[in-house]
Amino acid sequence: TPAEALDPEQCRQLLSRAHADDRHAGFDPENIQILNWNLQKGQRRGWQSDLELLAARSHLVMMQEASLDPSMTAHGGPARFAAFAPGYRSRDLLTGVLTLSQFKPLGHCRLTAYEPWLGTPKATSISEYALSGTDDTLVVVNIHAVNFTFGVSDYRRQLHQIREALKDHHGPIIMTGDFNSWRLRRQRLLKQLVTDLNLKTPEYKLDNR
């Protein structure tokens, strides 16, 4: 379902109200397999079979430039609940960021930024989920960051939205997406957000970035 469009303060309040009715119906906090992929609107040949293979063991699947078309949502493996934040709309297709999850979200909202040159929207989806055996909840951030800018003010503003929305959350956070962090100044802003939210960056045994 499409996420509710809110400003950071409204999103923060929504997240603070979420709670799990059943402490057993949630993600295992010791074992959460995730997949993140910018699907590029499904324009590359063979993406369906690759997605089905990669998502087969994934409890959370985060996609950017995705849609709610069944061709994308049907290949999520165990992740079958969809939280969608719309972004770019063409004549024939609405795409955005899509989070598929093994468990139904307790709540979800979306934040929107805009490309300063093109005026096209870039979406951030924030979903909250129960964790088994605890009252803590898991927040999952799926972002498609602004890209075509001279400076970093628009990029900084988009990351600040996330910081404000999550500042009262005391449980675990997974933040992923297409960060478009291709410039050193952008990387520094992203690293500062990681520090502010007390997150850790994963290390890859094989790093082809």
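Just name the residue that is farthest from Met175 (Cα to Cα) out of those in segment 14-39 that are modelled with pLDDT of 90 or more and among the polar types (S, T, N, Q).
Out of the qualifying residues, it is Asn31.
Could you check how many residues of segment 113-132 are out of contact with any Asp or Glu (no Cβ under 7 Å at 6 or more places or on another chain), of a type outside the set (A, V, I, L, M), part of a strand (DSSP E or B) and under 19 Å from Ser67 (Cβ atoms)?
Result for segment 113-132: 4.
Does Arg185 satisfy the criteria of being open to solvent by 80 Å² or more (accessible area, probe 1.4 Å), in contact (Cβ under 8 Å) with a residue 24 or more places away in the chain, of a type outside the set (A, V, I, L, M, F, W, C) and over 18 Å from Ile126 (Cα atoms)?
yes
Quick test for you: out of Ser71, Ser58, pick the one residue that is in a helix (DSSP H, G or I) and farther than 20 Å from Asn147 by Cα.
After ruling out the rest, the residue left standing is Ser71.
Within segment 103-120, can one find any residue that is open to solvent by less than 60 Å² (accessible area, probe 1.4 Å), of a type in the set (Gly, Ala, Ser) and more than 25 Å from Asn31 (Cβ to Cβ)?
Among the residues of segment 103-120, at least one is open to solvent by less than 60 Å² (accessible area, probe 1.4 Å), of a type in the set (Gly, Ala, Ser) and more than 25 Å from Asn31 (Cβ to Cβ), which makes the answer yes.
May I ask you to list pairs of residues, at least six apart or on different chains, whose Cβ atoms are under 8 Å apart, with the first in segment 117-140 being within 19 Å of Leu197 (Cβ to Cβ) and aromatic (Phe, Trp, Tyr) and the second being open to solvent by 40 Å² or more (accessible area, probe 1.4 Å) and not in a strand (DSSP E or B)?
Tyr129/Phe103; Tyr129/Leu106
Taking the stated definitions as given, is Phe84 of a type in the set (Phe, Trp, Tyr), buried (at least 16 other Cβ atoms within 10 Å of the Cβ), more than 12 Å from the chain's Cα centre (by Cα) and at pLDDT 90 or above?
It is false that Phe84 is of a type in the set (Phe, Trp, Tyr), buried (at least 16 other Cβ atoms within 10 Å of the Cβ), more than 12 Å from the chain's Cα centre (by Cα) and at pLDDT 90 or above.
Collect the residues in segment 164-182 that are open to solvent by less than 70 Å² (accessible area, probe 1.4 Å), free of Cβ contacts under 8 Å to residues at least 40 places away in the same chain, within 24 Å of Asp135 (Cβ to Cβ) and not β-branched (Val, Ile, Thr), keeping them in residue-number order.
Selection gives Met175 alone.
The values are calculated or read from the model by the stated rules, or taken from the named source; none is laboratory data. Since the model is a prediction, treat every value here as computed from it, not as a measurement. Virtual Cβ from ideal backbone geometry, glycine too; neighbours counted across all protein chains shown. With ligands, DNA and RNA removed, areas are computed over all heavy atoms of the protein, side chains included. Shrake-Rupley method; radii C 1.70, N 1.55, O 1.52, S 1.80 Å.
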